[in-house]
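Take a look at the structure set out below.
The values are calculated or read from the model by the stated rules, or taken from the named source; none is laboratory data. All values derive from a computational prediction rather than experimental measurement. Here the Cβ is made from the backbone with ideal geometry for all residues, glycine too, and neighbour counts use every protein chain on show. Please note that ligands, DNA and RNA were not included when accessible areas were found on the heavy atoms of the full protein model with its side chains. Shrake-Rupley method; radii C 1.70, N 1.55, O 1.52, S 1.80 Å.
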Amino acid sequence: MSKVLTHSTKSYIKIFFVGILVGCICRLADYFPADTLWSFSSIQTLLGFWIITNTTIVLLSTSNICAGISSFLYMFGMTLSFYGLQAILGMFVPLFSGGFRFSLFVLFTLLSIPCAIAAYILYYWNREYIFNSILYSLPIGALAAEATAIFIFFLEHHTFLFQLLMDVVGVIVFFLLFYKRAKSKKIFIVASVISSLIVYFVFPW
């Protein structure tokens, strides 16, 4: 996978505008009802979406600093457009009424910081150490845990099918990619299972 994100102003501007675009798409997805089979309006409300997009940012980055800053700018751009577009659309569409939700904007902006730190740390999976096998397992474990939780929810309520498929595809794609890169295949598999169990039983689904 080619590295398209660099430690440069041009690259950071690009990823910031990508975040703005994704935020607008997620905001407009609220037009879809949440209680349907596919539940498109809930795309950004689950962990899987954030894990997949930020893991992709790390994979496309050329350094840990680049990964951290790019992740923050992506998340900040997405948060800005998500709540900014709501304020704009709220003047014309009752569904988005309520104005600019400043407190939520600040909250998710602050949450962008740990995401940036995680991206900074995960980039070290490019080092040729056994520890990289554990780093590679973390996104896999978290996605697998959410996929399991959503699958159980799906069986009971017949909804969130899109999120389920997104997580399953994410697990398969990242597993195949990271399995090839992991320094120790055995540690990677064991760590993936352990991280999945930890996230599943600790996270308040």
*open to solvent by less than 30 Å² (accessible area, probe 1.4 Å) and either farther than 30 Å from His158 by Cβ or more than 20 Å from the chain's Cα centre (by Cα) (or both) - does that describe any residue in the stretch 26-45?*
no
*Phe96 modelled with pLDDT of 90 or more, of a type in the set (A, V, I, L, M, F, W, C) and open to solvent by less than 60 Å² (accessible area, probe 1.4 Å)*: no
*Scan the stretch 136-161 and report the pairs whose first residue is farther than 27 Å from Ile57 by Cα and free of Cβ contacts under 8 Å to residues at least 40 places away in the same chain and whose second residue is in a helix (DSSP H, G or I) and of a type outside the set (A, V, I, L, M, F, W, C), with Cβ atoms within less than 9 Å and a gap of 6+ or a chain change.*
Phe154/Gln163
*May I ask you to list the residues in the stretch 102-116 that are farther than 13 Å from Phe82 by Cβ and under 14 Å from the mean Cα position of the chain (by Cα)?*
Ile113, Pro114, Cys115, Ala116
*Within the stretch 1-17, how many residues turn out to be among the aliphatic types (A, V, I, L, M), surrounded by 18 or more Cβ atoms within 10 Å (Cβ to Cβ) and part of a helix (DSSP H, G or I)?*
1
_Of the conditions (1) farther than 26 Å from Tyr12 by Cα; (2) modelled with pLDDT under 95; (3) open to solvent by less than 50 Å² (accessible area, probe 1.4 Å), Ile140 satisfies every one except a single condition; which number is it?_
(2)
